[in-house]
Each structure stands twice: as structure tokens, then as C-alpha cells.
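S.K.: My questions will all concern the structure given below.
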Amino acid sequence: MIAFAPKKSLARRFFSVALGFVIFIGVGPGRQSAQEKPQEEVTVTAVEVPVRVLLKGQAVKDLTKDDFEVYENGIRQAITHIETISRMIAQPSVSVKEAQPAEIPQPKKRTFILIFDIFDYAEPVGEAVDYFFREIFHPLDRVIVITEDQALTVTPGKTLDEFAGQVKDSLVRFKSISTQNMVKAFHELNSEADRVLRQAMGDAPGQPARFVFEELSFFYDNYRRIWEAYRNQYLMPDLEFYRNLVQRVRQIEGEKWAICFQQRELFPKIKRSSSLDSQLRTWTSMQIDPEAQVKAQIIQAKQQDLQRSFDLSRVASPDAMRELFLSADITFHLILLKSIRNLFEENWELIEVGEDYEDSLRKISEATGGYLGFSNKAVEALKEAVEVEDFHYLLVYQPKEGSVRKERKIEVKVRREGVDIISLKNYVEPVVPMTIADLQAGGQAISFSLVHYQMTSINGRWRGLAEVKITLFDDRSKKVFEEGKALDLVQKETQISLRFPQLKPGNYFIIIQAVDKVANQTDVYSGMIKL
């Protein structure tokens, strides 16, 4: 078997219980006639463009408004305001005894996006979470926890230690749920490879293997399917999710920081010169019959196609993600960690995959003035990150009269020789996407609201369309409820209530996925609840 050694044991079986799914739809506080057309007026009074200017990798700090030129869709714009921003996560220390009351720095409003791009939950990650809440977080801060392109909703505890514990528990629970199918697939792939090899060897282990083409072809198709599922779940970012996230963050006042814990991903590969690899190469080279040669060439093509698919450079472009973080002026710190997985198999080895994706994250960090560190000592890397200065300029201009485009192509020029200019290139009007809000749980029931969805005219009436899916997992990470419904939304806010009479009282992990079918946008709520 392919034996991984994650921090926590993984539950491997799913089961579902058929429960009643009853939705009670109510009207939220903002009432609106069903015949009334929603008002959607977007007026741009100013466009803010963050710009970083570097000379040999170092920030240029002496520029003025006269040194910049801004062009929107090829037309030069008048810069109405320029702001010089120098910030770091670490707060300045001032002696309270010596300082006057006016000199004591007031805590800034900050939003932190903690991104955990990890397959295995490891102790260094937990230690970094503890350090963040103990040394960095303060009461005015807002924290958003992201893993696998989902936001984990974590209820703050009475103390910061409880808050950190809630984050760690939610990560452990979510990872145990998300990885169990993939671990099962790895085991099944290994068993399939052993079976194909044993069947090919037959009763003559000293003789060349006689592989069955159909089974070998199925094996490689299955291998490719498992790899693509792994790649899509753990490596490729969901741009639509991050677009929605950034749109929400853009509305929040104060500094915005992202701290990404990126675990170097490992994926099973057939070990070079192993029995399986040797027999496969011998089999493909020994085919003499024309029909057999064609089959061998097909298998070789599948092998080469699989190998090429490990290269993510064609699909992991940093440009779109970089623009998203720049649009909200989010500084992106990146901490790269090694995986703790082990593999004890004769025919398999773990190889690092996703280097191209890592390179994309590096470029986002560089473009947003963030930190880049590669260390399994996550706390030490975090200590370095909080001391990194992000120095940049914020240029503000008012679009020329008559400019009503929702998307604006922006170019910034600087009157300084030899400098590198990093700036926002595409400005998109901020629109708050549909949001799952006000989740309440207790007494074998939950309730929540849908807000900010778009509405359209259907048969002369304004309404929204949404698909809502709710999944519940018990304390052993077993799925105990899953149901989806399509909803007609006739009010500006829709309240949804569900009862689970057959579920025992206790703690559950809930995932709510809501899709705005008009705007083609998705919001996901996930976190611990108590019924």
C-alpha cells in the first residue's frame, strides 16, 4: 500500500443519512416589492492605483506626483492625489512611560487573510497559528482563514488561545475530510498497479512480463484522473473564489495582509528502475507484432502525456492572481514549507510537484511588496515576515468625464531611468458578490441569510436564482447529511431555516455552498457548529 504518514489518522468511509430538508424562506429587514426593479448604480469618483517602484530590487522612496504618469485605456489621466505608504505588520514600539498620550500609537484596523495551501496538517503550522494570535493579532483585527479555496468560519473564543485553538481544530477537521478520498484513491492506485504487475508476471517470475493492454491502459487513465483531481484540489487556485473574496475585502477599511503557508506538494510517481518500471520498459521494447507495437506506442503516449501534465507552467499564470491582490492593495507574504509525508513502497516514490505554481506565488509576493521564505520553522519565518516593510505609492485619479467602462486598462509610467514598475493594470469596479450571512445553529436546526445576490426580470418580475447545497460531517469526519435545492429569490434578502430531527445533539462541521445563478458567483461557508 501507499503509506502516508500525516499528523492525524484519516477516516476513510463516507455514509449518508436521508433526512428531511425543509427550507423556510422569509423576508429580511430590507423589504422590496417583487415588481420593483433593483437599483444598481455604480459611480466611480476616484480610482486608486497602488504602484511599487524598484531599483535593483530596492524600493525607490523619493518620488513625487510629478514623477508619475497614469493612462486609462490609452488616455492620460490627471493624478489628483498621491500617498506614500510604508507599512509592516509589526507595530512600532513606544515607551508608554516616556511618551505623551498623543504619541502612543493607536492600533490600526487590519484584515488578515491566512491561507493554508497544505495537504498535511503539521505541528509547525499549528505553532505559527499560536504565534500569530499571541504576538500579532489585536482586538481590532479581522481574520479570514482560507484552505483549498474555501473560507473556514471560525468563532472567536473568550481568549486568544481559544481563538487559535478554534482555527487549528477547524483546519484539522477540514483536512481530515478533504484528504480522505484522495488518500483512498492513492491506496487503490497502488493496489491496481500491484494487481496488473502480478497478473503480467504470472507463474514465471523470471520471464518478461506479459501485460494486458486493456488493463494497462485503464491503469494509466486512472493514474491521470487521480493526478488531475489532486492538482485541481490542492494546487490550482480557483480564480472565481479569490475574485469574490477580494471584492469583499476591498470594502473593508484599513490595512490588508495575506499570509500564505504553502506546503511543497508531493505526489506518487512510479520509481525509476523499480520492478514495475523495469517490466513496463521491457514490455514496450519487446513488442514485435505490428498490432502489439501499436498498443505499446499507445501506452508510451499515455506515459508521456502524464509526465507532461506534471508541468503546470501552462496553467499556473500569476497575472490574474497578482491583479486581484493588487486591486485591493493586499500585501502577500509567502512561507514555503516541506511536506511531512512518507512513502514506503517498492514501486513508488514521492516527487515534488507544483514548482510552477510556487513560482506564481513568488511573483505575487514580489509584486505586492511581501515576504518570501522557505523554512519548515514556520514561526521563525513568520517573525521575519512581520518585520518586512512594504513601501509603495498610491496614485488617485478621477476618470475623465464620460468614462463609464466597468473595466479599465491602466498603465503607469515613471520619470526615472532603470526602474522596475509594478502596478495595477486592470481596474474593475467593486461589486459585493452574494454572501451567506448570519448563520445560527442550535436545537437541531440552523438558519442563515443570502444577501447581495443579483436579480433579473423573469416573466416581468424581478427575482434572483440560487442553488444552495448543505453538507454536514460528524465528529468522526463522516458525512451525515447532504442535500441541495434550487431557490427562487424574490426579496433583497432571503432567510433560510433547516431542521435536522434525526441528528444527535453535538458538534458538526458544516459546508454551505450557494451559487448565484444570475451573476454566476459562488459563496461557501464552512466551519464548526453545535446542534
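S.K.: Evaluate 2.2 N^0.38 Å with N set to the residue count of the stretch 355-421, then give the Cα radius of gyration divided by it.
M.R.: 1.61
S.K.: Follow-up. Given N residues in the chain, what is Rg(Cα) / (2.2 N^0.38 Å)? Don't skip to the answer; put the middle values down first.
M.R.: Values: Rg = 27.0 Å, N = 531, 2.2 N^0.38 = 23.9 Å.
Normalised by 2.2 N^0.38 Å, the Cα Rg of the chain equals 1.13.
S.K.: If you don't mind, another one. Pull up the DSSP beta bridges for the stretch 110-385 and report the antiparallel fraction as a percent, rounded to 5.
M.R.: DSSP beta bridges in the stretch 110-385 are roughly 25 percent antiparallel.
S.K.: Over 24 Å between Cα atoms: which of Lys184/Lys271; Lys108/Lys158; Lys383/Lys413; Lys65/Lys425; Lys175/Lys469; Lys363/Lys409 fall into that group? Spell out each step's value before the answer.
M.R.: On the way: Lys184/Lys271 20 Å; Lys108/Lys158 22 Å; Lys383/Lys413 35 Å; Lys65/Lys425 19 Å; Lys175/Lys469 20 Å; Lys363/Lys409 21 Å.
Distance filter (> 24 Å) returns Lys383/Lys413.
S.K.: Sticking with this structure for a sec: Positive end of the charge dipole of the chain (Lys, Arg +1 and Asp, Glu -1 on Cβ, about the Cα centre): tell me which of Ile351, Ile85, Ile226 has its Cα farthest that way.
M.R.: Ile226
S.K.: For the residue pair Thr159 and Asp359, what label-to-label distance in nm results when each label sits 7 Å from Cα along the Cα-to-beta-carbon direction?
M.R.: Here the modelled spin labels are 4.7 nm apart.
S.K.: Under the classification rounded if a/c is under 1.5, otherwise prolate if a/b is larger than b/c and oblate if not, where does the stretch 260-411 fall, given a ≥ b ≥ c as square roots of the Cα gyration tensor eigenvalues?
M.R.: oblate
S.K.: Here is a further query. With a/c under 1.5 counting as rounded, go ahead and sort the stretch 366-488 into rounded, prolate or oblate using the C-alpha gyration tensor (a ≥ b ≥ c being the square roots of the eigenvalues; past the cut-off, prolate if a/b is larger than b/c, else oblate).
M.R.: On the way: a/c = 3.69, a/b = 1.33, b/c = 2.77.
Cα axes put the stretch 366-488 in the oblate bin.
S.K.: Okay, next question. Suppose every K and R has +1 on its Cβ and every D and E has -1 on its Cβ; what is the size of the dipole of the stretch 110-385 about the Cα centre, in Debye to the nearest 20? The partial results should precede the final answer.
M.R.: Values: 34 positive and 44 negative charges, 19 e Å.
For the stretch 110-385, the charge dipole is close to 100 debye.
S.K.: Using the Cα centre as the reference, give the magnitude of the dipole from point charges on the C-beta atoms of the stretch 124-226 (Lys, Arg: +1; Asp, Glu: -1; all else neutral), rounded to the nearest 20 debye. Walk me through the numbers on the way to the answer.
M.R.: Values: 12 positive and 16 negative charges, 22 e Å.
Taking the Cα centre of the stretch 124-226 as origin, the dipole is about 100 debye.
S.K.: Still on this model: Given the chain, what percent of its DSSP beta bridges are antiparallel, to the nearest 5? Could you put the intermediate results ahead of the total?
M.R.: On the way: 87 of 113 bridges.
Roughly 75 percent of the beta bridges in the chain run antiparallel, per DSSP.
S.K.: Let me ask something else about it. Cut-off is 10 Å between beta-carbons; in what order do Arg272, Arg87 appear when sorted fewest neighbours first?
M.R.: On the way: Arg272 9, Arg87 17.
Fewest-to-most ranking of Arg272, Arg87: Arg272, Arg87.
S.K.: Given Cβ point charges of +1 (Lys, Arg) and -1 (Asp, Glu) and nothing else, what value in debye, to the nearest 20, does the dipole of the stretch 462-531 about its Cα centre take?
M.R.: Working: 11 positive and 9 negative charges, 44 e Å.
Computed charge dipole of the stretch 462-531: roughly 220 debye.
S.K.: Still on this model: For the stretch 207-262 and the stretch 425-478, write down the distance between their C-alpha centroids in whole Å.
M.R.: Each part reduced to its Cα centre gives a spacing of 24 Å.
S.K.: Sequence gap at least 6, Cα distance under 8 Å: using those rules, report the relative contact order of the chain to the nearest whole percent.
M.R.: Answer for the chain is 27 percent.
S.K.: Past the 31 angstrom mark, what percentage of all C-alpha to C-alpha distances in the stretch 110-385 do you count? If you can, show how the numbers build up before the last one.
M.R.: Numbers: 14200 of 37950 pairs.
Roughly 37 percent, rounded to a whole number.
S.K.: Also: What nm value, rounded to one decimal, do you get for the distance between Leu55 and Ser86 when each label is placed 7 Å out toward the C-beta?
M.R.: That separation, rounded to one decimal, is 1.6 nm.
S.K.: Show which lysines lie in cross-link reach of Lys492 when reach means a straight Cα distance below 17 angstrom and same-chain residues fewer than eight apart are skipped.
M.R.: Lys37, Lys517
Where a number appears in this text, it was derived from the coordinates with a stated rule and is not lab data. If you're wondering where the values come from, they're calculated on a predicted model, not measured in any experiment. With ideal geometry, Cβ positions are generated from the backbone for all residues, glycine too; neighbour counts draw on all protein chains shown.
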